[in-house]
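Participant: One structure follows; several queries about it will come next.
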Amino acid sequence: MRFRQGIRRIVAPNPGPMTYHGTNSWLVDWHGGTVVIDPGSEDETHLAAILREAGDALSHILLTHTHSDHLSGAMTLHRRTGVPVAGYHTSAEPSFTPTLKLSDGDRIAGLTVVHTPGHAMDHLCFEAPDSLLFSGDHVMGWSTSVVPPHPWGDLSLFVANLEKVRDRGDAVILSAHGPAITQPRALIQNLLDHRHAREASIAALLKATPQPFETLLARAYLNLRPDLLLPARANLLAHLEKLESEGRAAHHDQHWRSLG
Ligand SMILES: [Zn+2]
């Protein structure tokens, strides 16, 4: 799908509860060729489609972060083409080191790097000309992002970086899953409101006497679908860690209590 002059989208065939229809792979033309942002999974037909679209012009593989639905396709494409993979200088995936190590504010292939840790500690957004931002999994058009607990994620940073991206005032955001976001400010404010409401409800579950994590999980997520159990556990723990970092909660072993 051609989204805007010089920007095309190919959706990877890896649909699921965490990926929506699949990972969006974005092809972006610049004067030195074409970059692909997030080649997605290593599905053969998907990688073939990327290579067919980009052809010999493929100059860089850009990674918003190193979760497997982004990294696996990048590594396969890199091995096959020799095209460099650019990602955050400190990879969160121990088995992977980017060929080109990026930092906040760097310029690469006509794009500006914006470090946005939270969903993953190595998460990057890429700013394109004309008020357009590629947001990876940091801001998505179909759902809230899962924020894992430490050391994989950080909910306090995630919230701060949502506010940062909200206040940038981009006209359009293109994410790694879901449709284009044409009202970024309103959508991000909704995401923030959702987080704050979730935090308030979790804070309200805590008592002065310690409760097991599993009890809190059952109370926080009623009638949870089995395939969402893992992300729910991660999200709850991330919220508890945020409350603890703010001096509002404390834990001993797997038991949490309120300090409020
Ligand atoms: Zn991710």
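We did not get these values from a lab; they are worked out from the coordinates using the rules stated. Computed from a prediction, not measured in an experiment: that's the story for all the values here. Here the Cβ is made from the backbone with ideal geometry for all residues, glycine too, and neighbour counts use every protein chain on show.
Participant: May I ask you to evaluate 6.51 cos²θ - 1.76 cosθ + 1.60, the Karplus curve with θ = phi - 60°, for each residue of segment 148-159 and list the ³J(HN,Hα) values in order in whole Hz, giving x for glycine and proline?
Facilitator: Running phi through 6.51 cos²θ - 1.76 cosθ + 1.60 with θ = phi - 60° gives x, x, 4, x, 7, x, 7, 5, 4, 5, 4, 5 Hz.
Participant: Still on this model: Please work out the Kirkwood hydrodynamic radius for the chain, using every pair of different C-alpha atoms, and report it in angstroms with one decimal place.
Facilitator: Numbers: mean 1/r = 0.0525 Å⁻¹.
One decimal place: 19.1 Å for the Kirkwood radius.
Participant: Now a separate question. Semi-axes of segment 206-258's equivalent ellipsoid from the Cα gyration tensor, sqrt of 5 times each eigenvalue, largest first, rounded to whole Å? Each step should come with its number before you reach the end.
Facilitator: Working: eigenvalues 81, 28, 14 Å².
Result for segment 206-258: semi-axes of 20, 12, 8 Å.
Participant: Separate question: Can you give the convex hull volume per residue for the Cα atoms of segment 33-137, as a whole number of Å³? Write down the numbers at each step before the final one.
Facilitator: On the way: hull volume 9.7 nm³, N = 105.
Considering the Cα atoms of segment 33-137, their hull volume per residue is 92 Å³.
Participant: Once fully extended, how much extra length lies between LEU205 and ASP130, figured as 0.36 nm per residue of separation less the alpha-carbon to alpha-carbon distance? If you can, show how the numbers build up before the last one.
Facilitator: Values: separation 75, 0.36 × 75 = 27.00 nm, distance 4.50 nm.
Once the chain is fully extended between LEU205 and ASP130, it gains 22.5 nm.
Participant: Would you mind ranking VAL113, VAL35 so that the residue whose beta carbon has the fewest other beta carbons within 10 Å leads the list?
Facilitator: On the way: VAL113 21, VAL35 25.
In increasing order of surrounding Cβ atoms, one gets VAL113, VAL35.
Participant: Using the reciprocal of the averaged 1/r over all distinct C-alpha pairs, how large is the Kirkwood radius of segment 101-146 in Å?
Facilitator: Working: mean 1/r = 0.0900 Å⁻¹.
After inverting the pairwise mean of 1/r, the radius is 11.1 Å.
Participant: In whole angstrom, note down how far apart the Cα centers of segment 185-250 and segment 163-177 are.
Facilitator: Comparing the Cα centres of segment 185-250 and segment 163-177, I get a distance of 25 Å.
Participant: From the P(r) of segment 88-209, could you give the percentage of C-alpha pairs in the tail past 21 Å?
Facilitator: Numbers: 2992 of 7381 pairs.
Roughly 41 percent, rounded to a whole number.
Participant: If we count other beta carbons within 10 Å of each Cβ, what is the order of TRP30, TRP152, fewest first?
Facilitator: On the way: TRP30 17, TRP152 14.
If I rank by nearby Cβ atoms, fewest first, I get TRP152, TRP30.
Participant: Grab the alpha carbons of segment 168-260, take their convex hull, and tell me the volume per residue in Å³. List each step's numbers first, then the result.
Facilitator: Values: hull volume 12.0 nm³, N = 93.
Measuring per residue, one finds 129 Å³ for the Cα hull of segment 168-260.
Participant: Let me ask something else about it. Of all the C-alpha pairs in segment 29-83, what % are more than 13 Å from each other? Don't skip to the end; give the middle numbers.
Facilitator: On the way: 778 of 1485 pairs.
Percent of Cα pairs beyond 13 Å in segment 29-83: 52.
Participant: Could you work out the relative contact order of the chain? I mean the mean sequence separation of Cα pairs under 8 Å and 6+ apart, divided by the number of residues, in percent.
Facilitator: 12
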